[in-house]
Each structure stands twice: as C-alpha cells, then as structure tokens.
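Please read the structure below before turning to the comments.
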Amino acid sequence: TDWLENGGFLLLGTYIGGIFIFQLVTAAILDAAYDASFPLYWSWTITNAVHCLLSTTYLHWLKGSLFDDQGEMAALTLWEQLEGRSNTVVVKRTLTVVPTLLCYAACHFSEYSWNVCVWNIVLWAIHVAAKLPFMNGVRVFGINRTTGIDDVPVDGSSSKHD
C-alpha cells in the first residue's frame with residue numbers, strides 16, 4: 001500500500017486518464033457500430049460497470065500484497081490494508097468519489113431515465129457499500145474467506161479476537 005500512499009498526482013492522473021480513455025474508446029466503438037444512433041449514456045453506463053467490476057475485484061476481492069514479505073497482509077484486501085493506515089485519506093476519498101462521479105455521469109447523460117439510473121445506482125451502491133468501515137473483514141455468505149484465517153471460532157462467538 002506504500003505505492004498508493006506515495007503515488008501522488010502521477011498515480012491519480014493515470015487512474016483518471018485510464019477511465020477517460022476507456023470512456024472515449026467505448027463511445028467510439030458504440031458510435032461506429034450503431035452509426036451514431038447509440039445514446040451516449042450507454043458508454044457511461046458501460047464505463048461505470050467495468051470500473052465497478054475491476055475496482056471491486058482489485059480493492060475488495062483479491063487478498064494479500066506483492067510487497068508483504070512476512071505474510072501479515074495475506075488475509076486482507078487492499079481496501080482493508082488502506083483502512084489500517086493513517087496517510088491514505090486522500091486515496092480512499094478518491095476511490096470513493098470516482099465511482100460516484102461515473103454513476104452521476106451515466107444518470108445525467110440519460111436525462112435521469114429510470115432504467116439507466118436504477119442500474120447505475122445499484123452498481124454504485126454495491127461498490128461503495130464495500131468501502132464502509134463496518135464491512136472491513138466481512139465475507140458476505142462466506143465468499144472470499146481464507147481458510148484458517150476467516151474461520152468462525154469453535155466456541156461459536158462471532159468475534160475473531162477474544
């Protein structure tokens with residue numbers, strides 16, 4: 001997580017630039033495939049969906065760290081690792097604001113069409129809910145749990161630490 005803390009403007013620019021380029025390519029492909037009759041909001045919805053899928057996988061699904069020699073981070077997702085550090089407030093805010101802006105853009109360009117807004121808000125809600133502090137360490141329905149680390153204690157208590 002040091003690389004996120006110390007990435008600065010270059011990391012932020014790469015992140016935002018990658019999303020912007022993906023949006024432009026998606027809009028161009030849809031425009032070419034449908035002779036400019038495809039509404040712009042679909043490219044924003046696709047960008048939002050792909051961003052949510054990739055960032056949820058990377059931030060909230062994959063565990064461990066490439067730079068963890070001791071294995072201390074083996075049971076933590078990247079977001080949980082960020083929660084344990086004090087200098088990552090800007091990073092966490094950015095990773096929360098960007099999906100919000102993508103959702104807003106898709107809803108705005110659709111002129112707040114009910115169907116488009118529902119899909120984008122559902123994607124946004126799932127993505128942002130995983131970032132809430134009470135979700136740290138939670139494995140919904142036991143999905144993504146690490147055997148031996150995320151196991152429920154034998155005495156039946158729900159606390160990992162007694």
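In this structure, does Trp3 turn out to be modelled with pLDDT of 85 or more and open to solvent by 60 Å² or more (accessible area, probe 1.4 Å)? In short, no. Set side by side, the residues Val128, Val118 differ, and just one is modelled with pLDDT under 95 and part of a helix (DSSP H, G or I), which is Val128. Taken over the stretch 41-81, residues that are at pLDDT 85 or above and exposed (fewer than 15 other Cβ atoms within 10 Å of the Cβ) amount to 2.
The residue pairs whose first member lies in the stretch 105-123 and is free of Cβ contacts under 8 Å to residues at least 12 places away in the same chain, whose second member is of a type outside the set (Asp, Glu), and whose beta carbons are closer than 6 Å, counting only pairs six or more residues apart or on different chains, are Cys117/Cys107.
Every residue, every condition in (1) closer than 25 Å to Leu11 by Cα; (2) surrounded by 12 or more Cβ atoms within 10 Å (Cβ to Cβ), yes or no:
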site: Val91; (1), (2): yes, yes
site: Cys103; (1), (2): yes, yes
site: Glu111; (1), (2): no, no
site: Asn115; (1), (2): no, no
site: Val122; (1), (2): no, yes
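Within the stretch 72-88, residues that are of a type in the set (Lys, Arg) sit with their Cβ atoms under 7 Å from residues that are part of a helix (DSSP H, G or I) and modelled with pLDDT under 80, at 6+ positions apart or across chains, in these pairs: Arg85/Glu5.
The values are calculated or read from the model by the stated rules, or taken from the named source; none is laboratory data. Note that the coordinates shown come from a computational prediction; the quantities given were computed from them, not determined experimentally. Because the Cβ atoms are built from the backbone with ideal geometry, glycine has one as well, and the counts that use them run over all protein chains shown. Accessible surface areas use protein heavy atoms only, side chains included; no ligands, DNA or RNA. Shrake-Rupley method; radii C 1.70, N 1.55, O 1.52, S 1.80 Å.
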